[in-house]
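Worksheet for the structure shown next.
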Amino acid sequence: MAGTATPATTLLEKTKTPHHIHSYDHDPRAESFGDEAVTALASSTGAEAAQIFKTLVIKLDTGKLAVAVLPVPAKLSLKAAAGALGASKAVMAGRADAERSSGYVFGGISPVGQRKKLPTVIDSSALNWDRVLCSAGRRGLEIELAPHDLGNLSEAVFAEITAG
């Protein structure tokens, strides 16, 4: 598919991981990249909001960056994410740190094919689905794949990391 090459899609092709690429017109005025993806993808793919995942970069109390992947409608429990990654606490990483570490633009950070591989945790709710969707590395571009493939490619652990 022309115009869809990102480090994430390149890795998927290289590893022959079964996936589908979905694109939509990103509105640069969108205030929530996740909500924009849910609106676009629910209508074009039939995916449910809880099946569409966002990628957040966090900073652990060890000083290291990490990645948390969770459903768009959910809120991240920083404490749960930190615990799943062997730390006590975490805070959201700054935008510049997230972009520099991942190699992706904010709002288009993929858990796959990041510039610097970071410890990653995926919310265990992903395992309730045959397929999940997450950023392919650019705003308006998503990949659909099996949750176990997402976990393997990102070398992630699965844990309950949502709040409330």
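We did not get these values from a lab; they are worked out from the coordinates using the rules stated. Since we're looking at a predicted model, the values are computed, not measured. Here Cβ is always computed from backbone atoms with ideal geometry, including for glycine, and neighbour counts include all displayed protein chains.
Structural remarks
- One decimal place: the segment Glu155-Asp25 gains 43.8 nm when fully extended, by the rule 0.36 nm per residue minus the C-alpha distance.
- Modelled spin labels at Asp35 and Lys75, positioned 7 Å past Cα toward Cβ, are 1.5 nm from each other.
- Taking label positions 7 Å along the Cα-Cβ direction at both Lys14 and Asn128, the computed distance is 3.4 nm, reported to one decimal.
- Exposed GluC sites (Glu not before Pro) absent: longest stretch of the chain, with sites in DSSP loops and at most 15 other Cβ within 10 Å deemed exposed: 49-154
- Contour excess over end-to-end distance, with Cα ends at Lys117 and Arg100 and 0.36 nm allotted per residue: 4.9 nm
- Simple point charges give the picture: +1 on the Cβ of Lys and Arg, -1 on the Cβ of Asp and Glu, and for region 7-159 a dipole about the Cα centre of about 660 debye.
- Computed [θ] at 222 nm, deg cm²/dmol, the chain (DSSP H ≥ 4; -39,500 (n - 2.57); rounded to nearest 500): -7500 deg cm²/dmol
- Seen from Thr4, the other residues with C-beta closer than 15 Å to its C-beta sum to a net charge of -1, counting Lys and Arg as +1 and Asp and Glu as -1.
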